[in-house]
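Data first, discussion second: the structure below is written as structure tokens.
Please treat every number below as a calculation from the coordinates, not as lab data. No experiment lies behind these values; they were computed from the predicted model shown. Cβ atoms come from the backbone with ideal geometry, glycine included; neighbour counts cover every protein chain shown.
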Amino acid sequence: MNEVATATPETTPQADSTAKPAKATVCVMGLGYIGLPTASILATRGFDVTGVDVRPDVVDTINQGRIHIEEPDLDILVRSAVGSGQLKAAHEPVAADIFIICVPTPITEDHRPDLSYVEQASKTIKPLVRAGNLIVLESTSPPQTTQNVVVPLAVPDDLTVGEDVFVAHCPERVLPGRILLEAVQNDRVIGGMTPACAERARAFYEEFVAGEIFTTSATAAEVTKLVENSYRDVNIGFANELSMLADRLDVDPLEIIQLANRHPRVNILTPGPGVGGHCISVDPWFLVHAAPDLTPLIRMAREVNDRKPHFLVEHIKKLASQFNSPVIGCLGLAYKADVDDLRESPSLEITRDLIAAGHRVMACDPYVPAERFNEFPLHRLEEVVAQSQILVLLTDHRQFKNVPRRVLEEKVVVDTRGIWRR
Ligand SMILES: NC(=O)c1ccc[n+]([C@@H]2O[C@H](COP(=O)([O-])OP(=O)(O)OC[C@H]3O[C@@H](n4cnc5c(N)ncnc54)[C@H](O)[C@@H]3O)[C@@H](O)[C@H]2O)c1
């Protein structure tokens with residue numbers, strides 16, 4: 001493993017020849033699901049880390065050694081990192097050897113990339129950037145963001161990229177719920193603005209990443225990350241389109257998929273209620289925006305996946321019309337199993353739409369605490385199961401897997417994930 005040995009004069013004490021070289025100082029911009037785990041992993045590896053967030057409540061919580069997001073074991077890591085003095089949270093960035101940008105990269109209502117957070121974070125660090133520094137963009141970003149946004153906004157005019165200062169993109173591939181493990185274990189793609197930038201960033205990541213590291217250009221790294229998520233979206237889109245087609249043709253989509261997957265070179269995914277979360281349902285739009293004329297398939301997969309919740313709402317409404325004001329039980333609001341994340345969740349969208357259409361809905365999500373959710377009432381699983389005529393399985397939380405078969409047989413069931421069938 002390489003020691004990062006290019007610290008700035010301001011932040012590195014003169015080393016005597018017998019002492020171990022001092023670890024670099026790191027300034028992490030954005031302390032959310034990516035920034036906070038990264039900052040605390042680095043802190044526990046001996047880096048002197050300042051984590052920066054624009055939200056005062058986030059800064060205060062972290063400085064008390066506590067966390068504001070749900071992620072297994074992160075509380076222990078942050079407590080230890082803050083307790084040892086290696087991690088401090090702040091409202092403003094400080095001079096450092098390495099700057100890592102982990103701010104949000106959402107899309108606008110009309111699916112255009114919103115780079116305002118990256119722009120703001122880049123501008124804020126610019127007065128602190130010195131010769132010898134490394135700047136890494138970790139946020140998932142549209143092609144050429146490192147080159148066209150980070151370099152012009154974060155690098156002082158008198159410094160040359162690749163000679164005086166080093167700029168790279170290193171996208172994150174972690175899975176929520178396994179972030180601490182995957183941030184260290186996963187292979188990484190590092191894209192440098194120049195080969196020297198990539199090598200400088202590699203030397204830094206080798207300090208804490210156990211997975212293999214591949215270097216390339218910054219734009220290739222940006223596109224690689226977006227291609228990964230678009231690949232997932234297109235494949236899920238195929239399964240979702242198939243499920244709607246099967247409904248029209250009056251065949252069972254899961255049976256069709258099971259049978260087709262017996263072909264040695266076919267592996268169709270399981271359909272669901274749509275695609276949620278803030279990665280797969282967002283990132284493909286960055287590619288579409290970059291070249292609309294060349295990405296009809298990626299755009300269409302997004303549209304198919306976005307259409308699936310509406311398809312299901314219409315299907316459920318049709319079933320409900322056979323009853324007199326039935327109770328519809330909606331099981332699950334989170335976008336995927338066993339997490340509390342409601343961002344872009346099709347399960348939440350379906351429940352909302354049924355309520356908005358005037359149906360009597362009882363909703364349940366064991367991971368969403370009622371005190372943190374006030375849009376509509378939440379109920380216990382037993383109550384929902386007992387009182388609904390139509391039971392809609394939206395998120396495959398493990399608590400829902402054991403609803404007794406004889407209970408399901410008494411209801412009209414819409415199992416959007418196929419867990420009761422399996
Ligand atoms: N969460 C994931 O699982 C995941 C996985 C892979 C990639 N990513 C990508 O990583 C990036 C960050 O995602 P996240 O989930 O950590 O977001 P997040 O919303 O959890 O955290 C971002 C933090 O940045 C802060 N912030 C905003 N502007 C700032 C600024 N100018 N200076 C300092 N702090 C600022 C926000 O207050 C927030 O606390 C995004 O591009 C996302 O697409 C996320």
Might you report the magnitude of the Cβ-based charge dipole of the chain about its Cα centre, with Lys and Arg at +1 and Asp and Glu at -1, to the nearest 20 debye? 1100
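Just to check, using Stokes-Einstein with a Kirkwood Rh over alpha carbon pairs, what's the diffusion coefficient of the stretch 295-344 at 4 °C and 1.567 mPa s in µm²/s?
In µm²/s, the coefficient is 97.
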Could you check the spin-label model distance between residue 54 and residue 294? Points 7 Å from the Cα along Cα→Cβ, value in nm. 3.2
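How big is the charge dipole of the stretch 119-227 about its Cα centre, in debye rounded to the nearest 20, if each Lys and Arg gets +1 on its Cβ and each Asp and Glu gets -1 on its Cβ?
With only Lys, Arg, Asp and Glu charged at Cβ, the dipole is about 200 debye.
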Across the Cα atoms of the stretch 46-182, what radius of gyration and what greatest pairwise Cα-Cα distance (Dmax) are found, in Å? 15.8, 45
Taking N as the number of residues in the stretch 32-113, the ratio of its alpha carbon radius of gyration to 2.2 N^0.38 Å works out to 1.14
Over its Cα atoms, what ratio of radius of gyration to 2.2 N^0.38 Å does the chain give? 1.11
In deg cm²/dmol and to the nearest 500, what is the mean residue ellipticity at 222 nm of the chain if only DSSP H runs of at least 4 residues count, each as -39500 (n - 2.57), divided by the residue total? -11000 deg cm²/dmol
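Kindly rank 87-94, 352-359, 219-226 from highest to lowest mean number of other beta carbons found within 10 Å of each residue.
219-226, 87-94, 352-359
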In whole Å, what three semi-axes, largest first, describe the equivalent ellipsoid of the stretch 167-221 built from its Cα gyration tensor (square root of 5 times each eigenvalue)? 20, 11, 7
Please list the non-local residues whose amide H lies under 5 Å from the amide H of residue 189, H modeled 1.01 Å from N, same-chain partners needing a gap of 5 or more. 214
Sites matching GluC sites (Glu not before Pro) across the stretch 91-157 that sit in DSSP coil, with at most 12 neighbouring C-beta atoms within 10 Å: 109
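Taking 20 °C and 1.002 mPa s as the conditions, I'd like the Stokes-Einstein D for the stretch 227-415 in µm²/s, using the Kirkwood hydrodynamic radius from alpha carbon pairs.
Working: Rh = 17.5 Å.
Roughly 122 µm²/s, to the nearest whole number.
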Please name which of 49, 280, 122 has its Cα lying farthest along the dipole of the chain towards the positive end, using unit charges on Cβ (Lys, Arg +1; Asp, Glu -1) and the Cα centre as origin. 280
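Using the Kirkwood formula over every pair of different C-alpha atoms, what hydrodynamic radius in Å results for the stretch 137-238? Could the numbers behind the result be given before it?
Numbers: mean 1/r = 0.0703 Å⁻¹.
After inverting the mean inverse Cα-Cα distance, the result is 14.2 Å.
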Of the candidates 22, 414, 189, the farthest towards the positive dipole end of the chain (Lys/Arg Cβ +1, Asp/Glu Cβ -1, centred on the Cα centre) is 414
